[in-house]
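Undergrad: Have a look at this one.
The values are calculated or read from the model by the stated rules, or taken from the named source; none is laboratory data. What you see is a predicted model; the values in this text were computed from it and never measured. Virtual Cβ from ideal backbone geometry, glycine too; neighbours counted across all protein chains shown. What goes into the accessible areas is simple: the full protein's heavy atoms, side chains included, and nothing from ligands, DNA or RNA. Shrake-Rupley method; radii C 1.70, N 1.55, O 1.52, S 1.80 Å.
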Protein chains: 6
Amino acid sequence: VKTPTKTIIQLITPIVTRGMRTLDEVAPFLRDDLEIRHSLLDLGPASIECEFDEALSVPDTIRKAIDAERSGANAIIIDCMGDPGLHACREAVSIPVLGPCQTAMHVATMLGHRFAFITVLDRLRPMIDKLVATYGLRDNYASFQAVDIPVLEMMNDPGKLNSALADKALTAIERDHADYMILGCTGFIDCANAMREKLLAAGRDVPVIDPIALTVHMADALVKTGLSHSKQTYPPPSMKHIAGFDMPGLSAYGR
Amino acid sequence: VKTPTKTIIQLITPIVTRGMRTLDEVAPFLRDDLEIRHSLLDLGPASIECEFDEALSVPDTIRKAIDAERSGANAIIIDCMGDPGLHACREAVSIPVLGPCQTAMHVATMLGHRFAFITVLDRLRPMIDKLVATYGLRDNYASFQAVDIPVLEMMNDPGKLNSALADKALTAIERDHADYMILGCTGFIDCANAMREKLLAAGRDVPVIDPIALTVHMADALVKTGLSHSKQTYPPPSMKHIAGFDMPGLSAYGR
Amino acid sequence: VKTPTKTIIQLITPIVTRGMRTLDEVAPFLRDDLEIRHSLLDLGPASIECEFDEALSVPDTIRKAIDAERSGANAIIIDCMGDPGLHACREAVSIPVLGPCQTAMHVATMLGHRFAFITVLDRLRPMIDKLVATYGLRDNYASFQAVDIPVLEMMNDPGKLNSALADKALTAIERDHADYMILGCTGFIDCANAMREKLLAAGRDVPVIDPIALTVHMADALVKTGLSHSKQTYPPPSMKHIAGFDMPGLSAYGR
Amino acid sequence: VKTPTKTIIQLITPIVTRGMRTLDEVAPFLRDDLEIRHSLLDLGPASIECEFDEALSVPDTIRKAIDAERSGANAIIIDCMGDPGLHACREAVSIPVLGPCQTAMHVATMLGHRFAFITVLDRLRPMIDKLVATYGLRDNYASFQAVDIPVLEMMNDPGKLNSALADKALTAIERDHADYMILGCTGFIDCANAMREKLLAAGRDVPVIDPIALTVHMADALVKTGLSHSKQTYPPPSMKHIAGFDMPGLSAYGR
Amino acid sequence: VKTPTKTIIQLITPIVTRGMRTLDEVAPFLRDDLEIRHSLLDLGPASIECEFDEALSVPDTIRKAIDAERSGANAIIIDCMGDPGLHACREAVSIPVLGPCQTAMHVATMLGHRFAFITVLDRLRPMIDKLVATYGLRDNYASFQAVDIPVLEMMNDPGKLNSALADKALTAIERDHADYMILGCTGFIDCANAMREKLLAAGRDVPVIDPIALTVHMADALVKTGLSHSKQTYPPPSMKHIAGFDMPGLSAYGR
Amino acid sequence: VKTPTKTIIQLITPIVTRGMRTLDEVAPFLRDDLEIRHSLLDLGPASIECEFDEALSVPDTIRKAIDAERSGANAIIIDCMGDPGLHACREAVSIPVLGPCQTAMHVATMLGHRFAFITVLDRLRPMIDKLVATYGLRDNYASFQAVDIPVLEMMNDPGKLNSALADKALTAIERDHADYMILGCTGFIDCANAMREKLLAAGRDVPVIDPIALTVHMADALVKTGLSHSKQTYPPPSMKHIAGFDMPGLSAYGR
């Protein structure tokens, strides 16, 4: 295994809406030996709030993953807390593909005891429960919390969002005995420090995971170690006719 | 809840290849009060052998499910043992959507103690393991077995296929203590009786599930009882822009 | 496997009290091709509220099951939410024997995510918890709720019962995140629709299982598919002397 | 809590066959402060080999348990590795009721890591698996082994039995990584020492539980500590009509 | 296996503070055939409240265990609810080594359904959760409760302590559905009867385990049965250089 | 959270034997922005092969951890696959403390499906099983394998060791369906590439984790992200008298 001197990470935001993710947000992580490239989808939903939205985001996410590997990326991050297409992308490429949800849940389990997942909408609860079961971490999952603030309002009043997030975190800690917080929306990118400070002020020395920051550094660590997902678990798809997905990136598979 | 006098079941085969599923195969289940309609996909893979193939089959499977509900079907069956798109389709429609894998695993657990899943390719093992975990049935899953016969050979020599299936079933019973068999490929539609007879001849009175036959009757039972999936678990998708999937069936959602 | 043109289901109510179950209650399920026969016990308890009562109900339940198979029934349902004698009856006969509790819990798990069990008495909690563990469904069991209304009062004021049931269901949904309701008493036979309507009125689109209706249709589906319990799991009892149970129906075994 | 100066343990052998259990067998455990009384059933099966047999043994086992408590016993042991009627007897009496299977499995889990259960017949496997699940010890259950020697042959050739038991124990240790042995038949009462010696001779320092010896001493320990089963878990049966079980011992309940 | 006519139990209190455990406290358990010997540590912490304290208590606890076996003890009890050094001591000696936490949790699981652990400090929650997981009893663990009274105050006002303990027990029963209570501090040695009476007065017939009383009698039962921990699980340490622990008791190992 | 421009990682090898770990072994991981410092113990065992050895290694490991934090390290790695003292060290310091076993098991679970742990001695099996349970990863643990080659022989014939390791890995893959390999001894530091190549040559594209390399990069990633263990889970020890451990590094606690 030869590790690159510079790690190139491709961040694939699996929606078609421009402007919701900017490279400014990941600028703090950049180093001389770390480059982050960004992709948006060409076909798929405007945002992801349910399994229906996820299903429509996956085909083009796979295409972007194949493109990323061909363009020299060393690792791929799917920029959504539902980890849509994680397993399918791992079949399609050999470089490590990480989901921020899986990554955050494993790190929270390692460094704490029982984690809380704090997100926007209560309707995501069954999806997250299913992810936890699939990832094998049910015994370390203490609490699901949703702030249930409309997205627009959330954007316009960050103070209100931060207060609501801290309130939910305290409930997770005090009622459900959670001891590690996961921000369950990749759009909460500036909220980790604010939540951490509010918890410390309430006498709770509990870490807060900003999943994208963590996953970027974890991807870099895996690249430096020379590890990827197992191709025994995720063997490449066999060649076959695929109707309607005959885009360049998929030309190896479809026609 | 008013139950229909006739149950209409839509069988969606989530691939684009014509001729692999014929209505002749389901003819034995038809009754005066049971109608089976069939859909193939317009876009998607030629066959399903991995998560990549599944991912590409889901968008059009959802469309066919929406079409089926609009056309008056009372229940939907996704005709593939990976249950692709099960959760997304349940969000998109209100009539019951069943996957033959989930249905067979629950019935085997109810009527036996530990089931075996016998399929074509060993590479499906991690996918099936993950489905079992998601369905919450890990403690009742005794054995995964694959015959590993190429599909063409399988088609040309049904005797060889049946012998291989029975051998794997006996291994599952004798080494892994399985006591209920699930045929893990919806293409094994004529194999259940042959396997059952071979097992009886070997002194093993172990039932064999033909998943499509079972799922058709289960769907009928749910329609007669007036039950469907919970919309608390599977709330409808919210309206939003969806790029590239603006087909008629999805017009309520995309544009 | 040859399936009958008409399904005959034997409903065994495992108590000695006449009049608590009438065939009127199952009349809505009858069809030209579905016959329901009913048995009461000759020896056993007046009602079932604990493991002691269950234990005394099982010997004669087995006898009635053997009688039913000899009289041509195609399937047997044990009409009690504790599923008393389920395993012993499956050893004694070859036709499918279903318990409404096991059936309802599996169907709720298939179609929802986490079910609630709502019954009369809080003292049943450990029994139900043990059944859930035996059935392997612990991870899908969200809530046990008891209305704790005396039986007589329950009979005399169905409105009060229905309100209490709906209140408990809302607690299960909102506090325990249940998304599928199981009526945990076979005497709640008219309550499912009322509860469903009250939940819809409260903005909760959550299905409610009437276990007898569901189990009748499930038994019919299994008969039509040609499936029964595994005799590998439930081998027939060997012949031996049995003192004190020398009734006709058991003559093959006792003396 | 006042502890008696002498512990009286009632051993209820839940079958009707005389001579299979003699007080000679428990003589080694007797002390000045420990008395063992013995009961056989008046109604029930000649032996217990399946759930059907168990079901027929439970009603009279309960009656004997009630009799024992009334006669001044301090603890009850149900002398069968299926623990038939354990929960129902605990409802019927307040003195501790122990099953040798549950007791042996918990002690093996405490003192080892993963236990093996070695018994006569392979057909008991699903019953034992279900007991393990009900007792919550699935993660500590390494191996089920059956010698499959007919009972008569077993009686006539103890050397053959002991060799077969030791062979199965070595398989459990070497293939399944068990590290504590449970003799899974209360009739194996002289076999523990022989197995232990054979294992030591094979270089395996693995303890062997004779369940009756262990359960007698455990019952004594609970009596001395003043502990019994929780009546919150096992509340007494409510008074009601019971047909066909109107024997003296049950007069408080039936009529 | 030859069992002694008198059982000698060594109670090792794994701290250096004199006077916190007196033999008066265990006097009620003494009998003609039961002797209890007591050890305190020479090096280690003044009290145990966290994993750091435990870690510092273990080396000398092992030394005291080796001493005890050499001096003729038949069993060892580590007198702390964190069971510090349980596994290491079992490697170092052949006589049974019991921890009161493991013992109490298994007995509560056997005789009840779901236990509560009631202790002094809330900070012990993760430690106890981890012990439960290691002991394989997660499914039977209903509730962790802490009175959070400073130790000095606790000593000075036993009435206040008993009221706080009973309040927490009622919360565990009524909110968390616990049905067996474990006193989670070996210093609560006089509190079991008071709690039991308060619970009975509140209509809750729930047993309360005083872990030291129980573990003394359980150790005696194991000695009488001739059982110890498995040396397959706990093989003796191999001889090697050990720096800094060259005390007499360890001379077989260190130098 | 301010992240350092250079990460300083303290590698604590928890034994007293000089020369078994050299900084040459970690040289490949060094970068301009990554410094690795190394500590050996002053008191403790010569090597770690059981829980007894671990227990004696922990007190001085804690002292070295406290020293490391005071000397400006940003993260600590305990250089032993038993992760001795992981929880106690996390109480004693605030910088992240990682164990290579926990880290490797979580990463293998994330990137594969079911991992194998391949080590030197079969006697470590119960210890590793218990670690897996404590870490909550039991469902992802496929196989424990031991080469059982004496350490000296292992050192002298690396070719023999590599062949034995690859054989065990193939058994884990083919019989136990493992798909990610963990080298279970921190002394196997040069073996990962050789095993990976042998597996590829056998047609198995399965990754192999060298735990120290991985843990170094993971510690760096956590430092860069600004995350540590939760002090809610691992609160600092309270001040108290500690006899016999009054060394400088512990002066804050002992006296």
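Undergrad: Given E:119, E:109, E:103, which one is on the phi < 0 side of the Ramachandran plot, within 14 Å of chain D (Cβ to nearest Cβ), within 14 Å of the chain's Cα centre (by Cα) and of a type in the set (Val, Ile, Thr)?
TA: Testing whether each residue is on the phi < 0 side of the Ramachandran plot, within 14 Å of chain D (Cβ to nearest Cβ), within 14 Å of the chain's Cα centre (by Cα) and of a type in the set (Val, Ile, Thr) leaves just E:103.
Undergrad: Here's another thing I want to ask about it. What's the total number of residues in the range E:236-248 that are at the interface with chain F (Cβ under 8 Å from one of its Cβ atoms) and either assigned to a strand (DSSP E or B) or charged (D, E, K, R) (or both)?
TA: Count: 3.
Undergrad: Okay, moving on. Please count how many residues of the range C:13-60 are of a type in the set (Val, Ile, Thr), more than 14 Å from chain D (Cβ to nearest Cβ) and outside any loop (DSSP other than H, G, I, E, B).
TA: Adding up the residues that qualify gives 2.
Undergrad: I would also like to ask the following. Would the range D:237-247 turn up any residue that is farther than 30 Å from residue D:19 by Cβ, modelled with pLDDT of 95 or more and open to solvent by 10 Å² or more (accessible area, probe 1.4 Å)?
TA: no
Undergrad: Right, next: Could you check the range F:223-235 and list, in sequence order, the residues that are part of a helix (DSSP H, G or I) and either farther than 20 Å from residue A:224 by Cβ or within 7 Å of another protein chain (Cβ to nearest Cβ) (or both)?
TA: Within the range F:223-235, F:224, F:225 meet the criteria.
Undergrad: To continue, here is another question. For the structure I just gave you, tell me whether residue D:132 is more than 13 Å from residue D:209 (Cβ to Cβ) and in contact with a Phe, Trp or Tyr (Cβ under 7 Å, 6 or more places away or on another chain).
TA: Yes.
Undergrad: Identify all residues within the range A:186-209 that are modelled with pLDDT of 95 or more and in a loop (DSSP other than H, G, I, E, B); write none if there are none.
TA: Of everything in the range A:186-209, those that are modelled with pLDDT of 95 or more and in a loop (DSSP other than H, G, I, E, B) turn out to be A:202, A:203, A:204, A:205, A:206, A:207.
Undergrad: Quick check on my filter: what residues within the range C:108-154 are in contact with a strand residue (DSSP E or B) (Cβ under 6 Å, 6 or more places away or on another chain) and aromatic (Phe, Trp, Tyr)?
TA: Scanning the range C:108-154 gives C:115, C:117, C:144.
Undergrad: Applying the selection to the range B:62-88, what residues are within 15 Å of the chain's Cα centre (by Cα), without any contact (Cβ under 8 Å) to a residue 60 or more places away in the chain and under 15 Å from residue B:9 (Cα atoms)?
TA: B:65
Undergrad: Scan the range D:166-185 and tell me whether some residue there is at pLDDT below 90 and either open to solvent by 60 Å² or more (accessible area, probe 1.4 Å) or assigned to a strand (DSSP E or B) (or both).
TA: Among the residues of the range D:166-185, not one is at pLDDT below 90 and either open to solvent by 60 Å² or more (accessible area, probe 1.4 Å) or assigned to a strand (DSSP E or B) (or both), which makes the answer no.
Undergrad: Mind telling me which of the residues F:61, F:5 ends up being of a type in the set (S, T, N, Q) and open to solvent by less than 10 Å² (accessible area, probe 1.4 Å)?
TA: Being of a type in the set (S, T, N, Q) and open to solvent by less than 10 Å² (accessible area, probe 1.4 Å) holds for just one of F:61, F:5, which is F:61.
Undergrad: In the range D:24-34, which residues are without any contact (Cβ under 8 Å) to a residue 60 or more places away in the chain and open to solvent by 80 Å² or more (accessible area, probe 1.4 Å)?
TA: Hits for the range D:24-34 are D:24, D:30, D:32.
Undergrad: When only residues in the range F:194-222 that are touching a helix residue (DSSP H, G or I) at 6+ places or on another chain (Cβ under 7 Å) and of a type in the set (Gly, Ala, Ser) count, which is nearest to the other protein chains (Cβ to nearest Cβ)?
TA: Only one residue tops the list, namely F:221.
Undergrad: Can I ask one more? Could you list all residues from the range B:151-165 that are closer than 21 Å to residue B:101 by Cα and either open to solvent by 40 Å² or more (accessible area, probe 1.4 Å) or among the polar types (S, T, N, Q) (or both)?
TA: B:151, B:162
Undergrad: Hey, another quick one. Which of the residues belonging to the range F:151-165 are within 13 Å of another protein chain (Cβ to nearest Cβ) and not in a helix (DSSP H, G or I)?
TA: none
Undergrad: Is it the case that some residue within the range E:99-122 is in a loop (DSSP other than H, G, I, E, B) and of a type in the set (Lys, Arg)?
TA: Yes.
Undergrad: Exactly one of these conditions fails for residue D:92: (1) within 28 Å of residue F:133 (Cβ to Cβ); (2) open to solvent by less than 30 Å² (accessible area, probe 1.4 Å). Give me its number.
TA: With (1) within 28 Å of residue F:133 (Cβ to Cβ); (2) open to solvent by less than 30 Å² (accessible area, probe 1.4 Å) applied to residue D:92, the lone miss is (1).
Undergrad: Also, quick follow-up: If you take the residues in the range E:194-209 that are in contact with a strand residue (DSSP E or B) (Cβ under 8 Å, 6 or more places away or on another chain) and not basic (Lys, Arg), which one is surrounded by the fewest Cβ atoms within 10 Å (Cβ to Cβ)?
TA: Checked the range E:194-209; the qualifying residue surrounded by the fewest Cβ atoms within 10 Å (Cβ to Cβ) is E:199.
Undergrad: Oh, and also: Which residues, taken from the range D:61-100, are among the hydroxyl-bearing types (Ser, Thr, Tyr) and within 13 Å of another protein chain (Cβ to nearest Cβ)?
TA: Listed by number, the residues that qualify are D:61, D:94.
Undergrad: Separate question: Looking at E:148, E:139, E:129, can you tell me which residue is away from chain D (no Cβ under 11 Å), acidic (Asp, Glu), open to solvent by 10 Å² or more (accessible area, probe 1.4 Å) and in a helix (DSSP H, G or I)?
TA: Residue meeting the stated conditions: E:129.
Undergrad: Same structure again: Name every residue in the range D:67-89 that is over 18 Å from residue D:130 (Cβ atoms) and of a type in the set (Asp, Glu), in order of residue number.
TA: Passing the criteria: D:67, D:69, D:79.
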